[in-house]
Amino acid sequence: MHMPLEDTLGLNLLAANQHQAEHNREHFDAWRLLCLNVMSSPGAGKTSLLERSLAALAGAYAMAVLEGDMTTQLDAERLEAVGVPVVPITTGRSCHLDAAMVSGGLKLLRQRLDPAELDLLWVENVGNLVCPAEFEVGEHRKVALLSVTEGDDKPLKYPVMFREAHCVLITKIDLLPYLPVQLERIEAHIRQVNPHCAVIPVSATSGEGLEAWHQWLKAQVAAIAPAAPAALVSA
Amino acid sequence: MHEVDMTRCLLLSMNEWKQQHEPRIPRVSQVHLQVGSFTCVEPDQLVFTWRVAVQNTWLDGAELVIEPVPLVGRCVRCNATYSPDPEQAYRSPCCQQPMEEIVSGRELRIRSVDYAFSDHPADALPAATPA
Ligand SMILES: [Zn+2]
């Protein structure tokens, strides 16, 4: 009998997904587009927000949506109505998107258009607060939505997603007068686990806060898009 | 459950590792993982899905051993480390600062693999033939 052996690996458990995510990101970078991974619990208002944002930004940017939420055909039609292509991603009832699923969605997208013409690619993740944050899909920015109807302790109960987000949108703020929650407390709890992310309260119904959210988005697109001789300007 | 997808990722890594030993087939007794408590992984669930997934494969019988890694934060004001508590909104007990720096607790890592090569001739390297 041989001596027992031990190999030290020190490898990320999700290395296989990580490799695919990096591959996706190489494509996004080659196409010079910004990819957003939009995450939330079910019913936080992702589709309503997307509908408003796509309509408001359609004049400024060429966009497409990879739709991973198990929404109805009606939702896709609502989004397509503003002239933005929506490609459904087959999730196989998974509770999150992974990089391979997004890669499959990109293949379908490329049958419809040339992604190099896009400025902004929205990936709408499966409605779930637990695990989408652990599975990178190649995105440049993670955006988490939290509806005021979910209460103010959600960021403390499901902290990983809020920790990982670059931007947290507090949605449905038009409902605040009818709810026993305070916006300040929700925001403070997000800050407890992620002190430096952008936190933007919005309402897709009243339109409040959308301008600030779109300004944030524009800054992100500008940050990755032009490979201009910026090195000379930035200190 | 996302543990199924995590197990799939883990098996892909194990298959790659096995290829490094070809043509010999390592008999794996244990796979050691480090799993941080500030992740969305349920260790028991992961062990369960692993057991089901490795049945009738080259990893049949290999045990998944999970070493939990506690969440440790570092206070940005005084640099002390602390155990962030959700009941206290993860703030540092020393200076009441929010959880800014995480020292540990985000790990999802394959640490090591315990294995052996059996003496079965089919598994052994072919003996060098004299020229
Ligand atoms: Zn302190």
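So residue B:69 passes all but one of these: (1) under 16 Å from residue A:193 (Cβ atoms); (2) without any contact (Cβ under 8 Å) to a residue 40 or more places away in the chain. Which condition number does it fail?
Going through (1) under 16 Å from residue A:193 (Cβ atoms); (2) without any contact (Cβ under 8 Å) to a residue 40 or more places away in the chain one by one, residue B:69 breaks only (1).
Considering only segment A:140-151, I want to know if a residue exists there that is open to solvent by 10 Å² or more (accessible area, probe 1.4 Å), more than 20 Å from residue B:108 (Cβ to Cβ) and assigned to a helix (DSSP H, G or I).
Among the residues of segment A:140-151, at least one is open to solvent by 10 Å² or more (accessible area, probe 1.4 Å), more than 20 Å from residue B:108 (Cβ to Cβ) and assigned to a helix (DSSP H, G or I), which makes the answer yes.
Restrict the check to segment B:116-130 and report whether at least one residue is away from the ligand (no atom under 16 Å from the Cβ) and modelled with pLDDT of 95 or more.
No - not one qualifying residue is present in segment B:116-130.
Among the residues of segment B:51-79, how many are surrounded by 13 or more Cβ atoms within 10 Å (Cβ to Cβ), more than 14 Å from every other protein chain (Cβ to nearest Cβ) and near the ligand (Cβ under 10 Å from one of its atoms)?
The number of residues fulfilling the criteria is 0.
Just one of B:74, B:24 is modelled with pLDDT under 95 and more than 13 Å from the chain's Cα centre (by Cα); which is it?
Answer to the selection: B:24.
Mind checking whether some residue in segment B:27-46 is surrounded by fewer than 19 Cβ atoms within 10 Å (Cβ to Cβ) and among the hydrophobic types (A, V, I, L, M, F, W, C)?
no
Can you report the number of residues in segment A:93-118 which are surrounded by 18 or more Cβ atoms within 10 Å (Cβ to Cβ) and more than 14 Å from chain B (Cβ to nearest Cβ)?
Matching residues across segment A:93-118 total 5.
Checking the condition within 16 Å of the ligand (Cβ to nearest atom), in a loop (DSSP other than H, G, I, E, B) and either within 11 Å of another protein chain (Cβ to nearest Cβ) or open to solvent by 70 Å² or more (accessible area, probe 1.4 Å) (or both), which residue from B:23, B:84 passes?
B:84
The values are calculated or read from the model by the stated rules, or taken from the named source; none is laboratory data. These figures come from a predicted structure and were not determined experimentally. Neighbour counts are summed over all protein chains in view; Cβ atoms, including those assigned to glycine, are modelled from backbone coordinates with ideal geometry. Heads up: the accessible areas ignore ligands, DNA and RNA and are worked out on the full protein's heavy atoms, side chains in. Shrake-Rupley method; radii C 1.70, N 1.55, O 1.52, S 1.80 Å.
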